[in-house]
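A short worksheet on the structure shown next.
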Amino acid sequence: MRFVKARDYDDMSRKAANIISAQVIVKPNCVLGLATGSTPIGAYKCLTHWYEKGDLDFSQVSSVNLDEYRGLTHDNPQSYYYFMNDNLFSHVNIDIAKTHVPDGTIEDAEEACRQYDETIKATGGVDLQLLGLGHNGHIGFNEPDSVFAKGTHCVNLAQSTIDANARFFASREEVPTQAYTMGIQTIMQAKKILVVVNGEGKADIVEKAFFGPVTPQVPASILQLHQDVTIVGDEAAFSKIASRI
Ligand code: GLP
């Protein structure tokens with residue numbers, strides 16, 4: 001695992017965006033695994049800026065997103081489909097037909113997950129997977145569990161995740177309780193993984209996930225077994241591991 005220290009959120013965002021843009025420059029038809037949450041927003045802003053300057057071309061890029069709330073329609077501003085359009089896709093020249101987010105509107109969970117696994121397979125595999133980190137160690141929406149889930153599956157969100165994500169909704173009651181998420185095995189199959197973390201609220205889980213035992217109770221801990229992981233974090237997020245990196 002490679003730890004890249006950033007001064008603050010903006011520095012973390014630029015460093016992460018640099019890694020993503022290097023991937024796009026080196027392999028213009030790459031498959032990007034993309035993430036939502038508040039942490040990657042700054043990196044998406046940088047990518048947009050560099051596209052506008054003419055430094056980046058997304059025309060051949062494909063993307064697969066990690067997760068989606070079950071039951072939210074595409075036009076719901078809280079859906080991850082909407083988030084991706086709002087924060088990245090509508091600002092760059094990516095072909096929207098080559099972007100993929102699990103379809104939260106498919107009621108049949110098994111069917112929704114089966115379709116998404118086929119979609120991921122059809123892309124030929126993820127070159128670079130971007131990940132945020134939940135406070136309980138979740139990646140995508142893979143919540144702490146007794147096993148590591150393999151493929152796309154429907155999860156019941158942990159109460160702490162519902163509480164953490166309530167800030168994006170008008171009320172806690174509106175936060176969906178289920179989501180479709182890419183599985184741990186699929187995430188681990190990405191050729192490269194890039195994790196972004198910021199703020200002191202993530203300091204404890206950063207230590208647990210990357211220096212603690214590998215366990216499905218801390219889903220991100222499995223990343224310790226991946227051969228090409230880069231973690232870009234600000235000083236606050238790295239405060240508990242500073243002497244070890
Ligand atoms: C959400 C998303 C995750 C994200 C995590 C952290 O639940 N499903 O993909 O990494 O929360 O979010 P944030 O970056 O806002 O802390």
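A short reminder: the numbers here are calculations on the coordinates, not readings from a lab. What you see is a predicted model; the values in this text were computed from it and never measured. Virtual Cβ from ideal backbone geometry, glycine too; neighbours counted across all protein chains shown.
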Shape call for the stretch 56-146, from the Cα gyration tensor axes a ≥ b ≥ c (a/c under 1.5 means rounded, otherwise prolate when a/b beats b/c, else oblate), comes out rounded
With DSSP loop assignment and no more than 16 other C-beta atoms within 10 Å, the GluC sites (Glu not before Pro) in the stretch 104-165 are GLU107
Per the C-alpha gyration tensor (a ≥ b ≥ c, the square roots of its eigenvalues), the chain is rounded if a/c is under 1.5, else prolate if a/b beats b/c, else oblate; here it's rounded
Dividing the mean separation of Cα pairs under 8 Å (6+ apart) by the residue count of the stretch 1-96 yields a relative contact order in percent of 29 percent
Listed by chain and number, the aspartates and glutamates with an alpha carbon less than 19 angstrom from that of LYS27, same-chain partners under 8 positions apart left out, are ASP55, ASP57, ASP95, ASP127, ASP228
Of all lysine pairs in the stretch 98-245 that are eight or more residues apart or on different chains, those with Cα atoms under 26 Å apart total 18
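Classify the stretch 133-236 as rounded, prolate or oblate, taking a ≥ b ≥ c as the square roots of the eigenvalues of its Cα gyration tensor: rounded when a/c is under 1.5, otherwise prolate if a/b is larger than b/c and oblate if not.
Oblate shape, in that a/c is at least 1.5 and b/c is the bigger or equal ratio.
Nearest 500 deg cm²/dmol is fine: what mean residue ellipticity at 222 nm does the chain get from its DSSP H runs of n ≥ 4 alone, each adding -39,500 (n - 2.57), divided by its residue count? Could you put the intermediate results ahead of the total?
On the way: 7 runs with 74 residues, N = 245.
Mean residue ellipticity at 222 nm (helix-derived): -9000 deg cm²/dmol.
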Taking ILE187, ILE106, ILE120 and counting other beta carbon atoms within 10 angstrom, the fewest-first order is ILE106, ILE120, ILE187
